[in-house]
1. Skipping prolines and chain starts, which residues have an amide H placed within reach, meaning under 5 Å, of the one on A:LYS193, given they are 5 or more residues away or on another chain?
2. Helix check for chain A. Which DSSP H runs span at least 24 Å along their own axis by Cα, with a mean Kyte-Doolittle hydropathy no less than 0.5?
3. Evaluate E = 1/(1 + (r/R0)^6) for A:GLU56 and C:ILE150, where r is the Cβ-Cβ distance and R0 equals 60 Å; express this FRET efficiency to the nearest 0.05.
4. What is the average number of partner chain Cβ atoms found within 10 Å of a Cβ in D:71-81?
5. Tell me whether the stretch D:35-75 comes out rounded, prolate or oblate; compute the Cα gyration tensor, take square roots of the eigenvalues as a ≥ b ≥ c, and use a/c under 1.5 as the rounded threshold.
6. Order of A:60-69, B:155-164 by packing, highest average Cβ count within 10 Å first?
7. For a protection proxy built on the mean count of beta-carbon atoms within 10 angstrom, sort A:86-95, D:100-109, A:27-36 highest first, please.
8. As a test of the definition: with a 1.4 Å probe, what buried accessible area, both sides summed, do you compute for D against C, in Å² to the nearest 100?
There are 4 protein chains.
Amino acid sequence: MARYSALDPEKYIKIRDSAILLFFGQGVENTTMQQIAKNAGIAKGTVYLYFKGREELEKYIFDYCFDLHLKASVKDVDDEKCFTEKLKKRIKNILMWNAEFPKESSIIRSFYTPVNYSDTEDGLFSKSYEINRAYIEAGMKNGEFKNLPIEFLCKIVFSSVEGISTYIKQNSDALYDEDLLNQLIETVIDGIKNH
Amino acid sequence: MARYSALDPEKYIKIRDSAILLFFGQGVENTTMQQIAKNAGIAKGTVYLYFKGREELEKYIFDYCFDLHLKASVKDVDDEKCFTEKLKKRIKNILMWNAEFPKESSIIRSFYTPVNYSDTEDGLFSKSYEINRAYIEAGMKNGEFKNLPIEFLCKIVFSSVEGISTYIKQNSDALYDEDLLNQLIETVIDGIKNH
Amino acid sequence: MARYSALDPEKYIKIRDSAILLFFGQGVENTTMQQIAKNAGIAKGTVYLYFKGREELEKYIFDYCFDLHLKASVKDVDDEKCFTEKLKKRIKNILMWNAEFPKESSIIRSFYTPVNYSDTEDGLFSKSYEINRAYIEAGMKNGEFKNLPIEFLCKIVFSSVEGISTYIKQNSDALYDEDLLNQLIETVIDGIKNH
Amino acid sequence: MARYSALDPEKYIKIRDSAILLFFGQGVENTTMQQIAKNAGIAKGTVYLYFKGREELEKYIFDYCFDLHLKASVKDVDDEKCFTEKLKKRIKNILMWNAEFPKESSIIRSFYTPVNYSDTEDGLFSKSYEINRAYIEAGMKNGEFKNLPIEFLCKIVFSSVEGISTYIKQNSDALYDEDLLNQLIETVIDGIKNH
DNA sequence: GATGAATGAGAGTTCATTCAT
DNA sequence: GATGAATGAACTCTCATTCAT
């Protein structure tokens, strides 16, 4: 994607951070290349040295944000024994990351539905989705989770995490109240686990 | 909103359907007034007889879609006894409607996050949200649902329904397999009900 | 110009008065056919039964206003003996008319200089100009007025009347203070008369 | 007003001259931004680099023309002793300028009366008006001019100059016939001076 | 490599005019 | 004759992209 030839790596960062700030603050569609350049402290034309065009820039921003999300989501997950715990750890990671990176997580979200393309499975989010799926599938075979269509379980987990996130965005204390946080996550688990 | 003066009511429908089709197919932001007019089989200027401008048209489309959603969602809900059942009925209604009106439900969704504003509580979706909240709050006091922050329960239900919907979009059979459908919905209920 | 066939003569008046009001209030260029029709209490299309188009309507309005001006300007002028007195009477008439018909006189003025066409001599105002010219020429041959180019004398009188009018618009008392009014007019006469 | 940042100063001139030519030739209201750009030999969008929009451009053109007028009008005026002479010098200056800059002076005029607002005193022409007023007021106290309302004297002078200008436009020789020119101006002075 | 002036396609909107009812 | 919905040319303005410096 990005061509890290002899170009200044710092500029990528400046452009990226500028775009993230603006995408978050006023929406992707309402942000002009001009604004991104100005806010990055460089000239409009320079952006085109680093990115072929707006499309590539947008993709780069999304990929960057998504990559952060992805890396954060897997942290220490494999330390956990059972798949329930792995999944919980993963959810916790994502919630933490969403809170810590509100701009980046918001931007990821704004790529969900501008147009009606299929979201998770084959789309932009497939990598994250695949990881979830692996745990859930294993946990299902394992008997930890309900025997329901795997695609469904994946989707319910994915969307529930969004739900919790939305709640936390407005009630950030929940993040630091271990008990409460666990209860919130338990909600998701309770939904899919075998009783 | 719409000014049904002496203007042709059929044309409101043509414009509306044209807009819905295009908003769905290529996104709200990528659709021009010109395209909407052409696709409706009328001239560009005519659209402005029916709507003051793009903004009003967009609002009209959203309101129209949302209204459909709202009406469908409450159907027969009060026939149910307990709040768990009421909520289940409501969720079923929404899932049915989403499947029956894929364009309209998709469009509603595309008004979620154009910019980073708080979504459900105070925004465009507040009416739907309030209804959910009433049931959930009652069910919570009732002991049917977990004693967790009401806002949280609302959000988890809201987002879970989105999740199921996404699944059904790609597996529409689920909608006509009563057993399966119940199991999917049970997933949401299991998450929030008192065990 | 206007075709008084079997059309309703009252409508001409309605349209005309509506146009005059709007031309005066917001300028000729800023007034739409729609506004004129609405304000006249008739339908947009009807205007086109009475006038071929905007251009013809504008011309009609101008001609109407100008005709009023013309008729008012010659009243009792020939009762006066010498050309100085005739001219003074004429000026007085115009000042009175301007005050009595502020809208109409303002509209006449707004046809002066939208584009840079030669104004008085051959243009729209030629009729009024010709009358002035006749008096002034006669008065000049007579020795009452300075022996200067006739065109010049005409123009200086014409423009001076405008000047007095402008003053009176903001100091309408002057119109009813016979002495003062005479002094104002004397100013014009003093400029062109043989001392 | 004009933002002489790093933009090409020559282009301001090109745009200005293009606009002046078109405003003069076909009227301000009938001139499009497109035409101005094309006639200036640049692209439509470029105009908007130099001016925020049509309104700013129009204001700039007016201010530019008016400034020329203003500067020309005061030249050598204070070399003259009495106020009569000062005023005469000033009038001569304006007549000269009007002849030398027919487009610019015509454009100034076309900002008089688009809508029916009071013209000289408080409006766009106030600066020029104030200067006139100072001389006339002084000359009146001085006994050089008639003891009439100052506003009136200002207006009659202002309008008379317009009258002479109109004459000269069609008889440009008058400008170079010192004797005649003096006689024309004397006409104005004779009107307002104490006999 | 960096710049930002220049470009022009294309967006939303207005309005004089037409014409079926 | 009267209507006003329909039309589409034309307007102002924006912005992704290019390219000479």
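1. Amide H neighbours of A:LYS193: A:LYS146.
2. Result, helices passing both filters: A:150-170.
3. 0.20
4. 0
5. Prolate.
6. Top to bottom by mean Cβ count within 10 Å: B:155-164, A:60-69.
7. A:86-95, D:100-109, A:27-36
8. Buried area between the two chains comes out at roughly 3200 Å².
The values are calculated or read from the model by the stated rules, or taken from the named source; none is laboratory data. Remember, predicted model here, so these are calculated numbers, not experimental data. Heads up, the Cβs are rebuilt from the backbone with ideal geometry, glycines too, and the neighbour counts pull from every protein chain shown. Side chains are part of the model used for accessible areas, which takes the heavy atoms of the whole protein and leaves out ligands, DNA and RNA. Shrake-Rupley method; radii C 1.70, N 1.55, O 1.52, S 1.80 Å.
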